[in-house]
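The values are calculated or read from the model by the stated rules, or taken from the named source; none is laboratory data. The structure displayed is predicted, hence computed values, not measured ones. No Cβ is skipped: glycine too gets one built from the backbone with ideal geometry, and neighbour counts run over all protein chains shown. The protein model used for the area step is the full one, side chains on, heavy atoms only, and it has no ligands, DNA or RNA in it. Shrake-Rupley method; radii C 1.70, N 1.55, O 1.52, S 1.80 Å.
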Amino acid sequence: MKDILVFKHLTKQFGKRSVLDDLSFNVPKGHIVGLVGPNGAGKSTIMKCILGIYSYDQGELFFDGQRITKHNVNEMSLKTGALIESPSIYPFLSGFQHFKLYSASKDEVNRIVALLGMQNYIHQKVTGYSFGMKQKLGIALALINQPELVILDEPMNGLDLMATLDLRNMIKTEAAKGVTFIVSSHILSELEKISDDIILINNGKLVFQTTLQALRGLGKRYYLITTNDNKRAMALLDAKGIKAELQQHSIKINNSNDRLTDSLKVILTNDLQLWDVSHEGMDLESATLRFIKGGADHD
């Protein structure tokens, strides 16, 4: 699959401080990429380098096969849409009037407004908008000129449950048409619901780039067993030499078919009721904490 963005040994400094340090990664066209890392990791700098807001000191950055330089950054920006930090909006214009500033077609405006569920207030002046309504307008403006790449920085901020669902569905709908998304958010559970790929940045360096599916296979995985008497079940498992961990509502055992089979035999042959068996793997939050705190060798 063709890459829409390629970073090659990118370095960016502010004074003597390296904000991006020999950074190399790629973004496949049409993918939703979750950009993850602690505060100060360099995520915003990456996004601003893509958009030409910041220049870079060393390395190369390619957009759709063409190197981004100070001479062509305006040309590249016509193919991108972005919401970084806070939306740039005019409070005494209506939401609908903002779209006229972008020379957007009425049909496209209506489509984006419907995707984000903004019909009830789009003709009201922005001065009366809530924070979440302004956030949705900023996201809509990032999409309105049908960009090839959309960059969203903390887009879930201020959104309620239904608005977050609208945003999630919109991103998936546009990505299915070939639009590429880079989404940075501290709400990792939401990123996990939409992302194809995850890029983890720390101290300006690439920690890992992987697909979400591969990430879930990292490290140890576990089975969670729930019975009508978990304490008694734990004692029986311990007596059989099966290592397990008693949690608040379940018993956690290592992911092994033999171990699961042996555990279930112990429970079912000792007059215990088996209420539930579920599988627990690596999620985005645990993977992020694991690699930032201790590296890949930690379980």
Among F92, F181, F99, which is the only one that is buried (at least 19 other Cβ atoms within 10 Å of the Cβ), modelled with pLDDT under 95 and not acidic (D, E)? F99
Provide a single number: the residues in the stretch 123-133 that are open to solvent by 10 Å² or more (accessible area, probe 1.4 Å) and either hydrophobic (A, V, I, L, M, F, W, C) or in a loop (DSSP other than H, G, I, E, B) (or both). 6
Considering (1) free of Cβ contacts under 8 Å to residues at least 12 places away in the same chain; (2) surrounded by 16 or more Cβ atoms within 10 Å (Cβ to Cβ), say which one L165 fails and leave the rest. (2)
Tell me the residue from E192, E174 that is over 20 Å from C49 (Cβ atoms) and at pLDDT below 90, please. E192
It is to be established whether one or more residues within the stretch 184-204 are surrounded by fewer than 16 Cβ atoms within 10 Å (Cβ to Cβ), without any contact (Cβ under 8 Å) to a residue 24 or more places away in the chain and farther than 15 Å from L152 by Cα. no
Go through the stretch 20-36 and give me each residue that's open to solvent by 10 Å² or more (accessible area, probe 1.4 Å) and not acidic (D, E). S24, F25, N26, P28, K29, G30, H31
Can you tell me which residue among D258, D238 is modelled with pLDDT under 75 and part of a helix (DSSP H, G or I)? D258
When restricted to L268, L206, L289, the only residue modelled with pLDDT of 85 or more, within 28 Å of the chain's Cα centre (by Cα) and on the phi < 0 side of the Ramachandran plot is L206
Among helices (runs of 4 or more DSSP H) completely within the stretch 64-116, the ones holding 2 or more residues that are of a type in the set (A, V, I, L, M) are 73-77, 106-115
Could you please find all residues in the stretch 247-265 being within 35 Å of the chain's Cα centre (by Cα), open to solvent by less than 80 Å² (accessible area, probe 1.4 Å) and closer than 15 Å to D276 by Cα? Q247, S250, I251, K252, I253, L260
Provide a single number: the residues in the stretch 35-63 that are of a type in the set (V, I, T) and assigned to a loop (DSSP other than H, G, I, E, B). 1
If we scan the stretch 107-114, do we find a residue that is open to solvent by 30 Å² or more (accessible area, probe 1.4 Å) and small (G, A, S)? yes
